[in-house]
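Asks: Sharing a structure below in structure tokens format, with a few things to ask.
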Amino acid sequence: MLARTALTVALISSMGMAQAENLQPLQQEGRQIAKEFLGQLKPELKKAMKSGGPAHAIEVCYKKAPQIAAELSEKTGWQLKRTSLKVRNPNNAPDEWEKQVLQRFEQQKAQGTDPKTLEYVEVIEENGQKVFRYAKAIPTGKVCLVCHGTQVSEPLLKKIRSYYPEDQATGFQPGDIRGIFSFKKAL
Ligand code: HEC
């Protein structure tokens, strides 16, 4: 309910009520895709951590995350991405819109909003084409800290850096906004 209130406010300020109403179904769709994305990624991560520990799980993240995104894109017709102000994989770097949304979410969190509820939608124009954009914050949970926290073990860090020499995605605390799901669909 909270998320919805925050979202409606964002929409009213950016485009007025009538359009806000029309965007509801797309927003729901985006939310559903985020759920499915997470629903596929989390078990893979858990399974990998259990069977081979974090060093093995890195390989799973490396291969599986982009693969799940590609499969869901194919299935839904949306473009799927995970991004952050501090990315591990440079291919996940935020564009201008995503940067602004991430900064907005950081502000909202600083003002006391629960990151779990942070969502933002907007219709923008890209190369003359109207595009619906959906963003949802990804909070940092305890399980994430092994690979994104302040005390990533030395051997693990070494392994991470061997895959991602430009890694910036450590130093997170529980409850921090780790990043966003960022999806878009041409209208
Ligand atoms: C086993 C180590 C590991 C764990 C545990 C882990 N991650 Fe990651 N994370 C990675 C790797 C590796 C990547 C890069 C994936 C890629 O190449 O797209 C990544 C990328 C990401 C990204 C995409 C943006 C970026 O930095 O490239 C987000 C968002 C993210 N992780 C969130 C989380 C969250 C939230 C959790 C906890 C639920 C978590 N991660 C747990 C290793 C991990």
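What follows is calculated from the coordinates using simple rules that are stated; it is not laboratory data. Keep in mind it's a predicted model, so treat the numbers as computed, not measured. All Cβ positions, even for glycine, are placed from backbone atoms using ideal geometry, and neighbour counts span all protein chains on display.
Asks: Identify, among Thr150, Asn89, Gly53, the residue whose Cα sits farthest towards the positive end of the charge dipole of the chain, taking +1 on the Cβ of Lys and Arg and -1 on the Cβ of Asp and Glu, with the dipole about the Cα centre.
Replies: Farthest towards the positive end: Gly53.
Asks: Here is a follow-up. Compute the long axis of helix 96-110 from its Cα atoms, compare it with the longest principal axis of the Cα atoms of the chain, and write down the angle in degrees, 0 to 90, nearest 10.
Replies: Once rounded, one gets 80 degrees.
Asks: Taking R0 as 30 Å, what's the FRET efficiency between Gln32 and Arg104 from their Cβ-Cβ distance, rounded to 0.05?
Replies: The pair Gln32/Arg104 has a calculated efficiency of 0.85.
Asks: Under a point spin-label approximation (7 Å from Cα along Cα-to-Cβ), what is the Lys47-Gln129 distance to one decimal in nm?
Replies: About 3.4 nm separates the two model spin labels.
Asks: Is any residue of segment 37-81 close enough, with backbone N under 14 Å, to a label point placed 7 angstrom from the Cα of Leu157 along the Cα-Cβ axis, and if so, which?
Replies: Inside the label zone: nothing.
Asks: Report the net charge of residues surrounding Ala135, where surrounding means a beta-carbon distance below 12 angstrom and charges are Lys +1, Arg +1, Asp -1, Glu -1.
Replies: +4
Asks: Here's another thing I want to ask about it. Helix 17-76 against the longest principal axis of the chain: what's the angle in degrees, Cα atoms only, rounded to the nearest 10?
Replies: 0
Asks: So, with +1 on the Cβ of K and R and -1 on the Cβ of D and E, and no other charges, what is the size of the charge dipole of the chain about its Cα centre, to the nearest 20 debye?
Replies: 660
Asks: Right, here's the next one. Using 0.36 nm per residue, how much length does the chain from Lys75 to Tyr62 gain when fully extended, once their Cα-Cα distance is taken away?
Replies: Length gained between Lys75 and Tyr62: 2.6 nm.
Asks: Hey, could you pull the Cα Rg and Dmax for the chain, both in Å?
Replies: Here Rg and the maximum Cα pair distance are 16.9, 54 Å.
Asks: Amide H of Leu118 versus every other amide H placed in the peptide plane: which residues, excluding those fewer than 5 positions away on the same chain, fall under 5 Å?
Replies: Here the answer is Ala137, since their amide H atoms fall under 5 Å of that of Leu118.
Asks: Let me ask something else. Pairs of Cα atoms under 8 Å, at least six residues apart: use those to get the relative contact order of segment 68-187, whole percent.
Replies: 35
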